[in-house]
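Working notes, structure below.
The values are calculated or read from the model by the stated rules, or taken from the named source; none is laboratory data. Not measured: the values here are computed from a predicted model. For neighbour counting, all protein chains shown are included, and Cβ atoms are generated from backbone atoms with ideal geometry for every residue, glycine included.
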Amino acid sequence: MNHTNPGSSPPSRIASEIAHGRFLAENDPELQWGWGTPAGKVRARRRAQLIVGGAQIGPGSRVLEIGCGSGLFTGMFAASGAEILAVDLSPELIRLAQLRNLPNARFILKNFEDCALDGPFDAVIGSSVLHHLDLTRTWPKILQLLKPGGRMSFAEPNMANPQVWMERHFRAFFPQVSPEETAFYRCGLRRTLQRAGFCEVQITPFDWLHPATPEPLIPAVSAIGRFIEKAWPIREICGSLHIVARKPQ
């Protein structure tokens, strides 16, 4: 990768994210991200279903996954039957992803903002990745890589959530949070995507189930969470945002 070209991502940010990927790979990324607990596994499955549903992908779809990490979500996306091209800038995490031997997924070591990819794609998707990127360059690139009418579908941290806000403002206490990452406020993000050229923008708060929820309480907490996700204004502090938008025809 060449990070010295005009308009390329700052080397310091890239180096920081690569170092953070190395830390995660060495310290069980699923555990660090909260996907390895019983509640975390339930959250991950639901998140993947939302992303796949928002992207409207299935057998025959050509899909780009940004920031695949260890490939945990790639496997769930690939279960839809879509052909997945997955990119990440961490060599250590890509190696973990490749060990999954997913027959309809191909992994490439690339920094998304700076790499050339062979589009167009039916969908561009990802889990908890946009908040790591240079968004002034990311939105035009996603729009360019989508076919006319193609969809993007992502799940991202909600800055209005108290824990997410704490993690981003007191990073020293949360080693799973990289020095460069941020989170999103729903209303501001919708306006940004519309200005970037996307249409049919939908941003939905979800995710009330905490990874530390004891296994016997998961059904009850999940049921309460589904109610909260529909109840304004408390839904605005759910842990995540499901972001869906379409490229105009």
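Can you tell me which residue among GLN144, GLN176, GLN163, GLN202 is in contact (Cβ under 8 Å) with a residue 24 or more places away in the chain, under 19 Å from LEU50 (Cα atoms) and of a type outside the set (D, E, K, R)?
Just one listed residue meets the conditions, GLN202.
So, in the range 83-102, how many residues would count as being closer than 20 Å to GLY60 by Cβ and in contact with a helix residue (DSSP H, G or I) (Cβ under 8 Å, 6 or more places away or on another chain)? Talk me through it step by step, then tell me what you get.
Taking the range 83-102 and keeping what is closer than 20 Å to GLY60 by Cβ, we get 83-86, 102.
Next cut, in contact with a helix residue (DSSP H, G or I) (Cβ under 8 Å, 6 or more places away or on another chain) only: 84, 86, 102.
The total comes to 3.
If we keep just the residues of the range 163-186 that are in contact with a Ser or Thr (Cβ under 8 Å, 6 or more places away or on another chain) and either small (Gly, Ala, Ser) or surrounded by 14 or more Cβ atoms within 10 Å (Cβ to Cβ) (or both), which is nearest to PHE23 (Cα to Cα)? Walk me through how you get there before you give the answer.
Step one: of the range 163-186, the residues in contact with a Ser or Thr (Cβ under 8 Å, 6 or more places away or on another chain) are 168, 178-180.
Now drop any that are not either small (Gly, Ala, Ser) or surrounded by 14 or more Cβ atoms within 10 Å (Cβ to Cβ) (or both), which leaves 168, 178, 180.
Details: ARG168: 18, SER178: 10, GLU180: 14 Å.
The residue in question is SER178.
Mind checking which helices (runs of 4 or more DSSP H) fall wholly inside the range 1-100 and carry at least 1 residues that are of a type in the set (D, E, K, R) and at pLDDT below 95? First the steps, then the outcome.
On the way: elements: 11-26, 29-33, 38-55, 72-78, 91-98.
Answer list for the range 1-100: 11-26, 29-33.
Looking at (1) touching a residue at least 24 places away in the same chain (Cβ under 8 Å); (2) buried (at least 17 other Cβ atoms within 10 Å of the Cβ), can you tell me which one GLY225 breaks?
For GLY225, the failing item is (1).
Against the condition under 20 Å from the mean Cα position of the chain (by Cα) and not aromatic (Phe, Trp, Tyr), how does LEU241 come out, does it pass? Spell out how you get there, then give the answer.
Values: under 20 Å from the mean Cα position of the chain (by Cα): yes; not aromatic (Phe, Trp, Tyr): yes.
Yes: the conditions hold for LEU241.
Of the residues LEU96, LEU117, LEU135, only one is under 17 Å from the mean Cα position of the chain (by Cα) and among the aliphatic types (A, V, I, L, M); which?
Values: LEU96 fails: under 17 Å from the mean Cα position of the chain (by Cα); LEU117 fails: under 17 Å from the mean Cα position of the chain (by Cα).
Sole residue among the options that is under 17 Å from the mean Cα position of the chain (by Cα) and among the aliphatic types (A, V, I, L, M): LEU135.
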